[in-house]
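The values are calculated or read from the model by the stated rules, or taken from the named source; none is laboratory data. It should be emphasised that the depicted structure is a prediction, and the values quoted were computed from it without experimental measurement. All Cβ positions, even for glycine, are placed from backbone atoms using ideal geometry, and neighbour counts span all protein chains on display.
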Amino acid sequence: MLKVGVIGCGMIGREHIKRLSKKLQGVQVTAVSDVYEESAKKAAEICGARAYSDAAQVIADPAVEAVVITAPGFAHADIVLQAIKAGKRIFCEKPLATTAEDCKKIVEAEIASGKHLVQVGFNRRYDKGYRQLKAVLDEKQLGEPLMIHCTHRNPVVADSYTTEMAVHDTLIHEIDCLHWLVGDEYESAQVIFTKKTKNALPHLQDPQFMIFRTKGGLCIDVEVFVNCKFGYDINCEVVCEEGTVKLAAPSTPIVRTDAKVSTGIETSWINRFIESYDTELQDWIDAAGAGVINGPTAWDGYVAAVTADAFVKAQKTGAVEPITTGAMPDFYR
């Protein structure tokens, strides 16, 4: 039984506490923390855990073997570094940290520890559809991948959503998932601002067209459109030498009425990817007990941060910006 402390008791934190304590196997939530003491106490009631107001208290608790970090992104670096120093197994929701510099510090600390401790919560790698897509590509029956076309559409976003958040909060999922999907590394980033939708607030450029090139020569385009109104619409098609393969949409009933045929589209990322969160955390629990990491590593978190920085720079310059991560350390191979 893996004894886990959850750090951060906001919406995602509470969802993970429910998942860990009521749905998944081989795990017990023994402690929770939040800077807002009342939030920690309410979260603790879900699972009968001890409540703290400081992440350091959870990490120092002898009854905590591993930590799940769902605090705000700006707090991740310090918490992860503390947990590495304490030798705790770590599941950190994305982002690993809010700067590439802090991600690199985490990578260096983990390597110095000599143990693989950190997994980053890029849940799309655990989505059934993406895993099926990768299985087809890995068989090589379609030849080499040449291009990838993606959409990442939200019906609406909060007023506080900014142009840069289209990278850090939205595109970040494709940034992690796509190089894993085809086994290639990124080389450059470009952003094209399209004609702006009337549904975007004045401070937000929407939609945006993001273009990657990989070291192997693939061209990847991602349409990020966060005020599309009609649904949460995630698509991915890989064009190969001898065929194409496309991400399957979640199945919904096909309705025939009034001389029309229709099928539903999800409106929430929570519903679209709910199963992937269960699969992701169960895999982390099982692997943590065995002392290994199967999912996205701290190095993957660093690559995502460097790539995101390049896209944000490309938003500002309009130029094709290089993506430079350096060689992957042998520790992560």
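Would you confirm whether any residue within the stretch 299-310 is touching a Phe, Trp or Tyr at 6+ places or on another chain (Cβ under 9 Å) and either more than 20 Å from residue 93 (Cβ to Cβ) or free of Cβ contacts under 8 Å to residues at least 12 places away in the same chain (or both)? Yes, the stretch 299-310 contains a residue that is touching a Phe, Trp or Tyr at 6+ places or on another chain (Cβ under 9 Å) and either more than 20 Å from residue 93 (Cβ to Cβ) or free of Cβ contacts under 8 Å to residues at least 12 places away in the same chain (or both). Taking the stretch 225-267 as the region of interest, the strands (runs of 3 or more DSSP E) fully inside it that hold 1 or more residues being surrounded by 10 or more Cβ atoms within 10 Å (Cβ to Cβ) and among the hydrophobic types (A, V, I, L, M, F, W, C) are 233-240, 243-246, 254-257.
Considering only the stretch 154-168, state which residues are touching a helix residue (DSSP H, G or I) at 6+ places or on another chain (Cβ under 7 Å) and of a type in the set (D, E, K, R).
Of the residues in the stretch 154-168, the ones touching a helix residue (DSSP H, G or I) at 6+ places or on another chain (Cβ under 7 Å) are 163-164, 167-168.
Correct list: 164 only.
Residues that are at pLDDT below 95 and in contact with a Ser or Thr (Cβ under 6 Å, 6 or more places away or on another chain) were ranked within the stretch 64-90; the one that is farthest from residue 16 (Cα to Cα) is 74.
Against the numbered list (1) surrounded by fewer than 24 Cβ atoms within 10 Å (Cβ to Cβ); (2) within 21 Å of residue 177 (Cβ to Cβ), residue 76 comes up short only at (1).
Taking the residues in the stretch 176-218 that are outside any loop (DSSP other than H, G, I, E, B) and β-branched (Val, Ile, Thr) as candidates, determine which candidate is nearest to residue 312 (Cα to Cα). Checking each candidate, the answer is 191.
If I ask for residues that are part of a helix (DSSP H, G or I) and more than 19 Å from the chain's Cα centre (by Cα), which ones from the stretch 139-175 would you list? Give the derivation first.
In the first step, residues of the stretch 139-175 are kept if they are part of a helix (DSSP H, G or I); the result is 165-175.
Correct list: empty.
Residue 158 falls short on exactly one of the conditions (1) out of contact with any strand residue (DSSP E or B) (no Cβ under 7 Å at 6 or more places or on another chain); (2) in contact (Cβ under 8 Å) with a residue 60 or more places away in the chain, and that condition is (2).
Condition (residue is out of contact with any His (no Cβ under 8 Å at 6 or more places or on another chain), on the phi > 0 side of the Ramachandran plot and part of a loop (DSSP other than H, G, I, E, B)) applied to the stretch 104-122: is it met by at least one residue?
For the stretch 104-122, residues out of contact with any His (no Cβ under 8 Å at 6 or more places or on another chain), on the phi > 0 side of the Ramachandran plot and part of a loop (DSSP other than H, G, I, E, B): present.
The number of residues in the stretch 141-155 being surrounded by fewer than 13 Cβ atoms within 10 Å (Cβ to Cβ) and at pLDDT 95 or above comes to 1.
One residue stands out in the stretch 302-326 among those that are of a type in the set (S, T, N, Q) and either part of a loop (DSSP other than H, G, I, E, B) or touching a strand residue (DSSP E or B) at 6+ places or on another chain (Cβ under 6 Å) (or both): the one that is surrounded by the fewest Cβ atoms within 10 Å (Cβ to Cβ), namely 324. Would it be correct to say that residue 113 is surrounded by fewer than 16 Cβ atoms within 10 Å (Cβ to Cβ) and either of a type outside the set (A, V, I, L, M) or out of contact with any helix residue (DSSP H, G or I) (no Cβ under 9 Å at 6 or more places or on another chain) (or both)? Yes; evaluated as a whole, the condition is true for this residue.
Residue under question is residue 133, and the condition is that it be part of a helix (DSSP H, G or I), surrounded by 22 or more Cβ atoms within 10 Å (Cβ to Cβ) and in contact (Cβ under 8 Å) with a residue 24 or more places away in the chain; does it hold? Explain how you work it out, then say what you get.
Working: part of a helix (DSSP H, G or I): yes; surrounded by 22 or more Cβ atoms within 10 Å (Cβ to Cβ): no; in contact (Cβ under 8 Å) with a residue 24 or more places away in the chain: yes.
Taking the combined requirement at face value, the residue does not satisfy it.
Somewhere in the stretch 305-322, is a residue among the small types (Gly, Ala, Ser) and at pLDDT below 95? No, the stretch 305-322 contains no residue that is among the small types (Gly, Ala, Ser) and at pLDDT below 95.
For the stretch 86-96, check the following and say yes or no: at least one residue is among the basic types (Lys, Arg), assigned to a loop (DSSP other than H, G, I, E, B), touching a helix residue (DSSP H, G or I) at 6+ places or on another chain (Cβ under 9 Å) and on the phi < 0 side of the Ramachandran plot. Yes; the residues of the stretch 86-96 include at least one that is among the basic types (Lys, Arg), assigned to a loop (DSSP other than H, G, I, E, B), touching a helix residue (DSSP H, G or I) at 6+ places or on another chain (Cβ under 9 Å) and on the phi < 0 side of the Ramachandran plot. For the stretch 283-301, the set of residues classified as out of contact with any helix residue (DSSP H, G or I) (no Cβ under 9 Å at 6 or more places or on another chain) and part of a helix (DSSP H, G or I) consists of 284, 286, 287, 288, 289, 290, listed by residue number.
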